[in-house]
């Protein structure tokens, strides 16, 4: 155990610099940190050890230390909010709103068990984690839920929080299907994807007391998203396998 409190002060400042983006991608070498903070190499190594233990940085032979890009790991089988998952990582979640309006969409209306020509609330956003584009998110809501939200600013808020604050409603359940997809050129450009980066397609149907009220399609970059699941040997768990046949 290191008793020198200097390492903790160095650690706190490194955390601040990482959170602000002052340190990104390449992490400084021990020598650079010694010069920057004016402390011993031993103090620096203790501070950096804590960052590595938490997975904030990783060391690769020949490349030095690099900053680990955080993954968002919402729990499987839960009605999670991407907004809160991002902010729980210490990053600012914000959205570029592409469209918010009423429009007809036969596929969404069918999922919501409504007539094909029903005008639905429609929200189309690019979701960001800090400065990085994370997902393209398209939502349709049943008219009675969505119409009061047409004047809402969704730049920095969660849809589910708005539903609760303005209508006193919180979704009670739903179903989600997650598939790996190869992004098209438009998605690659919008999300600034690497050449070999795949995406997840998340199709969600949200329900209110058994009634389908939300139809959502989210394309999220695969390098930043993973699902987590807790299980026990005594739990009853029934997996569902969906086999999709695509036209050749």
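Somewhere in segment 140-147, is a residue without any contact (Cβ under 8 Å) to a residue 40 or more places away in the chain, surrounded by fewer than 14 Cβ atoms within 10 Å (Cβ to Cβ) and under 23 Å from residue 181 (Cα atoms)?
Step one: of segment 140-147, the residues without any contact (Cβ under 8 Å) to a residue 40 or more places away in the chain are 144.
Those left that are additionally surrounded by fewer than 14 Cβ atoms within 10 Å (Cβ to Cβ): 144.
Next, only the ones that are under 23 Å from residue 181 (Cα atoms) stay: none.
No, segment 140-147 contains no residue that is without any contact (Cβ under 8 Å) to a residue 40 or more places away in the chain, surrounded by fewer than 14 Cβ atoms within 10 Å (Cβ to Cβ) and under 23 Å from residue 181 (Cα atoms).
Of these, 209, 192, which one is at positive phi and within 16 Å of the chain's Cα centre (by Cα)?
Details: 209 fails: within 16 Å of the chain's Cα centre (by Cα).
One residue alone meets the criteria, 192.
Could you grab me the full set of residues in segment 175-207 that are in contact (Cβ under 8 Å) with a residue 60 or more places away in the chain and within 22 Å of residue 104 (Cα to Cα)?
Passing the criteria: 205, 206.
Quick check on this structure: which one of 46, 87, 15 is under 30 Å from residue 143 (Cα atoms), surrounded by 13 or more Cβ atoms within 10 Å (Cβ to Cβ) and either at pLDDT 75 or above or in the same structural domain as residue 162 (by TED's automatic domain parsing) (or both)?
On the way: 46 fails: under 30 Å from residue 143 (Cα atoms); 15 fails: under 30 Å from residue 143 (Cα atoms).
After applying the criteria, what remains is 87.
Looking at 120, 112, 134, can you tell me which residue is in contact with a helix residue (DSSP H, G or I) (Cβ under 8 Å, 6 or more places away or on another chain), within 21 Å of residue 208 (Cβ to Cβ) and buried (at least 16 other Cβ atoms within 10 Å of the Cβ)? Steps first, answer last, please.
Working: 112 fails: in contact with a helix residue (DSSP H, G or I) (Cβ under 8 Å, 6 or more places away or on another chain); 134 fails: within 21 Å of residue 208 (Cβ to Cβ).
That would be 120, the only listed residue that is in contact with a helix residue (DSSP H, G or I) (Cβ under 8 Å, 6 or more places away or on another chain), within 21 Å of residue 208 (Cβ to Cβ) and buried (at least 16 other Cβ atoms within 10 Å of the Cβ).
The values are calculated or read from the model by the stated rules, or taken from the named source; none is laboratory data. Predicted model only: the values in this text are computed from it and were never measured. Reconstructed Cβ throughout: ideal geometry from the backbone, glycine too, with neighbour counts over all protein chains shown.
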